[in-house]
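Quick notes on the structure that follows.
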Amino acid sequence: MAILDGKKAFVFGVLNDYSIGWHIADQLHQHGCTLGFSHLPGEKIERRVVKAVDPFHPAFLVPCDVSRDEDLRSAFACAAEKFGSFDILIHSLAFAPAEALHQPFLQTSRQAWQTALDISAYSLVAMARHALPMMNPGGSILTMTYLGSEKFIPMYNVMAVAKAALECSMRYLAAELGRHEKHIRVNAISAGAVKTMAARGIGDIDKMMLHYGEKAPLPWNADTAATHVGKTALYLCSDLASGVTGETIYVDGGYNIVGW
Ligand SMILES: NC(=O)c1ccc[n+]([C@@H]2O[C@H](COP(=O)([O-])OP(=O)(O)OC[C@H]3O[C@@H](n4cnc5c(N)ncnc54)[C@H](O)[C@@H]3O)[C@@H](O)[C@H]2O)c1
């Protein structure tokens, strides 16, 4: 019997088969989980996501821009209709306006700050609120963060602030939802560099991969990075992590412990 047999997961954040969300979905699928997905609205994006998630035989695929309350309402209504209830919620998405990543941090506009924190951090709170009534007891919520929340990373700028807010929100949700009668767990994975569309928007991802490859204690490269993240996601979403909540777990080959 697979460890997620009979479980259902609602996955946000797959754009293509490079996406971390895709690699999380892949692990959940391989271990028996039924999957439903959301995608950013738009015909071109929808076509891309349909193709990417096809191997997982999704129960549904629903458009949702997480900055729009009406989209969140209709996405979770779709999950309620197709799934009834579910066990796992994956939040693997982020966005910041390009200019806020390429200008000095000092120049961050109010608008860019609000957009980045709304889409990348507040969305976790809104999604958890929508999900709670339809989550099964012992369910798991997982989000994705990055070391830039704690240490200076060139060009991460306002996204670093959004990740700090996301990690803090994750802990507050974990404290509340753990004591809820359903005992829902909420955790984050802090991933090392992974070659995705979002990473390309931030900096020179090839240079970053080389840097991780040189500095991390364990081998870290584009071929296996996302799979490592997917495997820890599988653990956190399964009963193997039944006593783990409010944690940010590094999956970066140990890069974060190195001081030079
Ligand atoms: N790639 C890395 O090196 C890395 C490292 C650490 C953490 N992360 C985090 O992993 C998560 C997934 O990113 P990725 O690297 O897989 O990139 P990706 O580009 O494949 O995925 C980002 C996703 O965010 C979605 N998104 C953006 N704005 C949205 C909105 N308004 N509503 C709904 N969805 C929206 C996109 O559609 C896309 O599916 C992000 O939180 C990212 O910050 C990535």
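Between residue 151 and residue 68, what FRET efficiency comes out of the Förster formula 1/(1 + (r/R0)^6) with R0 = 41 Å and r the beta carbon distance, rounded to 0.05?
Working: r = 33 Å, r/R0 = 0.80.
About 0.80, to the nearest 0.05.
Largest first, the three principal axis extents of the alpha carbons in the chain are 47, 39, 39 Å in whole numbers.
Other residues lying with their Cβ under 12 Å from the Cβ of residue 83 contribute a combined charge of +1, Lys and Arg counting +1, Asp and Glu -1. Within the straight-line cut-off of under 18 Å between alpha carbons, the aspartates and glutamates reachable from residue 51 are 17, 26, 43, sequence neighbours fewer than 8 places apart in one chain being disregarded. Between the amide H of residue 135 and those of 86, distances stay under 5 Å, these residues lying 5 or more places away or on another chain, with hydrogens modeled in the peptide plane.
Taking a span of 24 Å or more along the helix axis (Cα atoms) and a mean Kyte-Doolittle hydropathy of at least -0.5 as the rule, the DSSP H helices of the chain that qualify are 157-179.
When the chain is described by a simple charge dipole with +1 on each Lys and Arg Cβ and -1 on each Asp and Glu Cβ, the residue from 258, 109, 242 located farthest towards its positive end is 109. Residues 1, 127, 197, sorted by accessible area with the largest first, give 1, 197, 127 [1.4 Å probe; ligands and nucleic acids excluded].
Legend: residue pairs 182/231; 44/151; 44/215, Cα-Cα distance threshold 29 Å; pairs beyond threshold, 44/151; 44/215.
Note on the chain: helix-only mean residue ellipticity at 222 nm, from DSSP H runs of 4+ residues weighted -39500 (n - 2.57) and normalised by residue number, equals -13000 deg cm²/dmol. Loop-located trypsin sites (Lys or Arg not before Pro) across segment 1-68 with a Cβ neighbour count of 16 or fewer within 10 Å are 68, with loop assigned by DSSP.
For the chain, the relative contact order is 19 percent, taking Cα pairs closer than 8 Å that sit 6 or more residues apart in sequence and dividing their mean separation by the residue count.
With every protein chain in place and a 1.4 angstrom probe, the accessible-area ranking of 159, 134, largest first, reads 134, 159.
The residues neighbouring residue 19, those whose beta-carbon lies less than 11 Å from its own, together hold a net charge of 0 under the Lys/Arg +1, Asp/Glu -1 convention.
In a shell of Cβ-Cβ distance under 14 Å around residue 253, excluding residue 253 itself, what net charge do Lys and Arg (+1) and Asp and Glu (-1) give? Taking every Cβ under 14 Å from that of residue 253, the sum is -1.
Prolate is the label for segment 50-174, because the ratio a/c of its alpha-carbon gyration tensor axes (a ≥ b ≥ c) is 1.5 or higher and a/b is greater than b/c.
Lysines within cross-link reach of residue 82: Cα-Cα under 19 Å, excluding same-chain residues under 8 positions apart? Of all the lysines, those that pass the test against residue 82 - Cα under 19 Å, at least 8 places apart if same chain - are 7, 8.
The values are calculated or read from the model by the stated rules, or taken from the named source; none is laboratory data. Predicted model, so just to flag it, every value in this text is computed and none were measured. Every residue, glycine as well, gets a Cβ built from its backbone with ideal geometry; the counts of neighbours run over all protein chains shown. Quick note on the areas: whole protein, heavy atoms, side chains included, nothing else; ligands and nucleic acids left out. Shrake-Rupley method; radii C 1.70, N 1.55, O 1.52, S 1.80 Å.
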